[in-house]
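Have a look at the structure below, then the notes.
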Amino acid sequence: MAGETITRAQLSEAVYQEVGLSRNESADLLEAVLAKISDTLAKGQSVKISSFGSFSVRSKGQRVGRNPKTGEEVPILPRKVLVFRPSQVLKARISGGNADDAA
């Protein structure tokens, strides 16, 4: 796998080129969308983006884990984790299939 990562600046530049807003407006729009997604997830609600996937927060209960070096049992405290489930369209696109088949 290639280790390339897309950044906020690159996303903002893509919005600028595709939509035609100014660079500042594109950056502000991107920040507003990301802030809305973050705020919604922080409230414990799900975010669903059509043809992309859904983000949700899941609560994990306390469990017993082991230190792999010593074998000592260590309690893992309850916590919330972010879960992403890709849509069938995104799965098909990543696997090289036709995205229209999944839609």
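The values are calculated or read from the model by the stated rules, or taken from the named source; none is laboratory data. Worth saying up front: this structure is predicted, and the values here are computed from it rather than measured. Here the Cβ positions follow ideal geometry from the backbone for every residue, glycine too, while neighbour counts run over all protein chains shown.
For residues that are assigned to a loop (DSSP other than H, G, I, E, B), without any contact (Cβ under 8 Å) to a residue 12 or more places away in the chain and of a type in the set (Gly, Ala, Ser), tally how many sit in region 61-74.
Within region 61-74, the first condition is being assigned to a loop (DSSP other than H, G, I, E, B), and the residues that meet it are 61-62, 67-72.
Narrowing further to those that are without any contact (Cβ under 8 Å) to a residue 12 or more places away in the chain: 67-72.
Restricting the remaining residues to those that are of a type in the set (Gly, Ala, Ser) gives 71.
Final tally of qualifying residues: 1.
Residues in region 75-98: is at least one surrounded by 12 or more Cβ atoms within 10 Å (Cβ to Cβ), in contact with a Leu (Cβ under 6 Å, 6 or more places away or on another chain) and touching a residue at least 24 places away in the same chain (Cβ under 8 Å)?
no
Checking the structure you have, find out if any residue of region 69-77 is of a type in the set (A, V, I, L, M) and within 23 Å of Arg8 (Cβ to Cβ).
Our first condition is that a residue be of a type in the set (A, V, I, L, M); within region 69-77, this holds for 74, 76-77.
Applying the additional criterion that residues be within 23 Å of Arg8 (Cβ to Cβ) yields none.
There is no residue in region 69-77 that is of a type in the set (A, V, I, L, M) and within 23 Å of Arg8 (Cβ to Cβ).
Give Glu18, Glu4 a once-over and let me know the one that is at pLDDT below 95, out of contact with any Lys or Arg (no Cβ under 7 Å at 6 or more places or on another chain) and in a helix (DSSP H, G or I).
Values: Glu4 fails: in a helix (DSSP H, G or I).
The unique qualifying residue is Glu18.
Out of Arg85, Arg58, Arg93, I need the residue that is outside any helix (DSSP H, G or I) and out of contact with any Ser or Thr (no Cβ under 8 Å at 6 or more places or on another chain). Which one? Steps first, answer last, please.
On the way: Arg85 fails: out of contact with any Ser or Thr (no Cβ under 8 Å at 6 or more places or on another chain); Arg93 fails: outside any helix (DSSP H, G or I).
Selected residue: Arg58, the only one of Arg85, Arg58, Arg93 that is outside any helix (DSSP H, G or I) and out of contact with any Ser or Thr (no Cβ under 8 Å at 6 or more places or on another chain).
Tell me, yes or no, whether region 40-50 has at least one residue that is surrounded by 12 or more Cβ atoms within 10 Å (Cβ to Cβ), free of Cβ contacts under 8 Å to residues at least 60 places away in the same chain and in a helix (DSSP H, G or I).
Scanning region 40-50, I find at least one residue that is surrounded by 12 or more Cβ atoms within 10 Å (Cβ to Cβ), free of Cβ contacts under 8 Å to residues at least 60 places away in the same chain and in a helix (DSSP H, G or I), so the answer is yes.
Within region 15-39, work out how many residues are surrounded by 12 or more Cβ atoms within 10 Å (Cβ to Cβ), touching a Phe, Trp or Tyr at 6+ places or on another chain (Cβ under 9 Å) and not charged (D, E, K, R).
Residues meeting the conditions: 3.
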